[in-house]
1. Which condition breaks for A:VAL133 when tested against (1) more than 17 Å from the chain's Cα centre (by Cα); (2) more than 8 Å from every other protein chain (Cβ to nearest Cβ); (3) on the phi < 0 side of the Ramachandran plot?
2. Scan (1) among the hydrophobic types (A, V, I, L, M, F, W, C); (2) at the interface with chain B (Cβ under 8 Å from one of its Cβ atoms); (3) surrounded by fewer than 19 Cβ atoms within 10 Å (Cβ to Cβ); (4) farther than 27 Å from B:PRO223 by Cα for the single condition A:ALA202 breaks and write down its number.
3. Just to be sure I understand the filter: pairs with C-beta atoms under 9 Å, separated by 6 or more residues or on different chains, first member in the range A:95-112 and more than 9 Å from chain B (Cβ to nearest Cβ) and over 11 Å from A:LEU190 (Cα atoms), second member at pLDDT 90 or above and in a loop (DSSP other than H, G, I, E, B). Which pairs pass?
4. Looking at A:ALA2, is it within 11 Å of chain B (Cβ to nearest Cβ), more than 21 Å from B:SER180 (Cβ to Cβ) and modelled with pLDDT under 90?
5. Of the conditions (1) more than 9 Å from chain B (Cβ to nearest Cβ); (2) closer than 30 Å to B:SER60 by Cβ; (3) surrounded by fewer than 18 Cβ atoms within 10 Å (Cβ to Cβ); (4) of a type outside the set (Gly, Ala, Ser), A:ASP76 fails just one. Which one is it?
6. Being surrounded by fewer than 22 Cβ atoms within 10 Å (Cβ to Cβ), among the acidic types (Asp, Glu), touching a helix residue (DSSP H, G or I) at 6+ places or on another chain (Cβ under 7 Å) and free of Cβ contacts under 8 Å to residues at least 40 places away in the same chain: is that true of A:GLU218 here?
7. Kindly indicate whether A:LEU224 is in contact (Cβ under 8 Å) with a residue 40 or more places away in the chain, closer than 20 Å to B:ALA151 by Cα and surrounded by 17 or more Cβ atoms within 10 Å (Cβ to Cβ).
8. May I ask you to list the residues in the range B:148-172 that are buried (at least 20 other Cβ atoms within 10 Å of the Cβ) and either in contact (Cβ under 8 Å) with a residue 40 or more places away in the chain or farther than 22 Å from A:PHE55 by Cβ (or both)?
Amino acid sequence: MAANKISMKRRAQLTLRDMKRSVPLYIMIAPFMILFFVFVVYPVLTAIWYSFTDFNVLEKANFIGLNNYKKLFLDDSIFITAIKNTLIIAVIVGPGGYIMSFLLAWMINELPHKLGVVLTVIFYAPSMAGSAVLSVFQQIFSNDSNGYLNAFLQNLGIISEPILWLSDSDYVMIVVVLASLWTSMGVGFLSFVAGIKGVDDAQYEAGAIDGIKNRWQELWFITLPNMKPQLMFGAVMAITSSLSVGSVGDGLVGFPSPNYATHTIYNHLMDYGSIRMEMGYASAIAFILFLLMIAANMLIQKLLRKVGT
Amino acid sequence: MDIITKLRANYLKKKKSKLDFAPSVKKSERSFWGNVILGLFLLAMGFAFFFPVIFMVSQSLKPMNEMFIFPPEILVHNPTMDNYRDFVNILANTVVPVTRSLYNSLFVVVVGSVGHIIIASLCAFPLAKFRFPGSKFFNQLIVYSLMFNGAVTMIPNFLTIARLGFLDTQWAIIIPGFASTLGLYLMKNFMEQIPDSLTEAAQIDGAGYFRIHFTIVMPVVKPALVTAFIMVFQSFWTNTGASFIYAEAEKGFAYVVGQLASGNVAGVGASYKGIASASSVIMFAVPLIVFLIMQNNVVSTMATSGMKE
């Protein structure tokens, strides 16, 4: 006990000494950290507090314990559908977009610089154009035979009647997944492009001497391990963007989607947060989404540790 | 000669000498057919990804009678700049003078992006390279903060901004934008790749943390800075929602361009369809130009080769 106490005291002293030594570091991080706590941490904590209340923006919030969460899982069947849909979309779009952006970045790296820049812009363009690209998807997947896809399939004689891509609850999911993949080449892709450029050429030369035979080995043993920080970043981006899908479906098939076929957690959150203004309930949804992302992140970090072994 | 300059010169020399005496063993080469397949694949993917943008530009050049041909054609028969002219006319007749909104947009975007890069990179460096009491906690906090949906934190944020007296000023958008964690997280991940020997050498030679940051770290992670800059620039540029929330009176912001693009003004009525796509093109063109300028710059960085471990 006594020994423990001394070591505690000693540890406190050491920490204090470390802190004194790191004063310049604290000064460096202070401007950002202050803003970060004021505009990010504080609002998030407030929102988590709201999730235990019946806050509706107009009236004073009352503490109602876990009622919001109980209601979500027991009484709100649409929320259960939303979880299911979110997971279906995220499982396809997350890893799909992640792998696709990495492979494209890898291929771009082999090209001459100017061509590489042009292709980077081209692949990033749909993400940069934002909601403007949705009108194009609407044109492609239009319900009548004037839509590109219907016209194409009809000309080939595969279908005789136009398919209601944007209204039939059997098909809207496919359309939303495709459109989400289309816009999934976001910031993660940019970081991959920049990260691959930073891999030292000397390592490839050394690898060739050490007996690396083909490009796949080169990729696995040299490129990927050298890019771990970017891979982490890309993974976090993929998780956050794929689990918060919803705006694409919103713009394409409307809100609410037919039969709630593409209703996601994000849509549910927006419904309560910015249409019904039931902030308490919306905050509970946001908190569950948050936990889901943390779980996904832990899983991915575990997988990424295996890279290059 | 100054110590830091000497250090940098040394590294440059090392890099150069490596180029002079490059070993004869090269990266493994791809076969001819590999090149053909890669080229065709990139061409196909490039077309698929750029199609929405081509469509958008072609829509904006169409005269009224071609706009509603079904199925829509990509090729414009009589290209016209009418849509752009009309768009400029609308801008010229808005309540808030267009010069004012242009100035507001530029001020917010430039001050916001540059300020964010400085503040966030200053914070990213200690978090990436040093261990000090609290550093692990801050690191975790930043990753988790990326995962909380912004929809429910709007109200606490509004209250904070009101209390700070930022309402109806540009700072209501700029200051919270500084605290965006995305750019910080990206820069931090790239900084983790800087070898300890480089920072330690500078420390032994008596350089302070700030000095190391600005003279060594910043140049080495230039690709990350560029990527982060594009990201923040884009998020400020498309941040039309915030200008609605934080401007109670008209004197604040009107991101007229943004409002038109998101269809709030121009979306009404069929005759505005062309104008809406013209404004989409303009909205898209600005980040695109910034992107091209910045990406082209990445190559001229004092490349990281020889600096990684």
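The values are calculated or read from the model by the stated rules, or taken from the named source; none is laboratory data. What you see is a predicted model; the values in this text were computed from it and never measured. Cβ atoms come from the backbone with ideal geometry, glycine included; neighbour counts cover every protein chain shown.
1. Condition (2) is where A:VAL133 drops out.
2. Among (1) among the hydrophobic types (A, V, I, L, M, F, W, C); (2) at the interface with chain B (Cβ under 8 Å from one of its Cβ atoms); (3) surrounded by fewer than 19 Cβ atoms within 10 Å (Cβ to Cβ); (4) farther than 27 Å from B:PRO223 by Cα, the lone unmet condition for A:ALA202 is (4).
3. none
4. Values: within 11 Å of chain B (Cβ to nearest Cβ): no; more than 21 Å from B:SER180 (Cβ to Cβ): yes; modelled with pLDDT under 90: yes.
Criteria not met by A:ALA2.
5. A:ASP76 satisfies every listed condition except (2).
6. Details: surrounded by fewer than 22 Cβ atoms within 10 Å (Cβ to Cβ): yes; among the acidic types (Asp, Glu): yes; touching a helix residue (DSSP H, G or I) at 6+ places or on another chain (Cβ under 7 Å): yes; free of Cβ contacts under 8 Å to residues at least 40 places away in the same chain: yes.
So A:GLU218 passes the test.
7. Values: in contact (Cβ under 8 Å) with a residue 40 or more places away in the chain: yes; closer than 20 Å to B:ALA151 by Cα: no; surrounded by 17 or more Cβ atoms within 10 Å (Cβ to Cβ): yes.
Against the criterion (in contact (Cβ under 8 Å) with a residue 40 or more places away in the chain, closer than 20 Å to B:ALA151 by Cα and surrounded by 17 or more Cβ atoms within 10 Å (Cβ to Cβ)), A:LEU224 does not qualify.
8. Correct list: B:ILE161, B:GLN170, B:ALA172.
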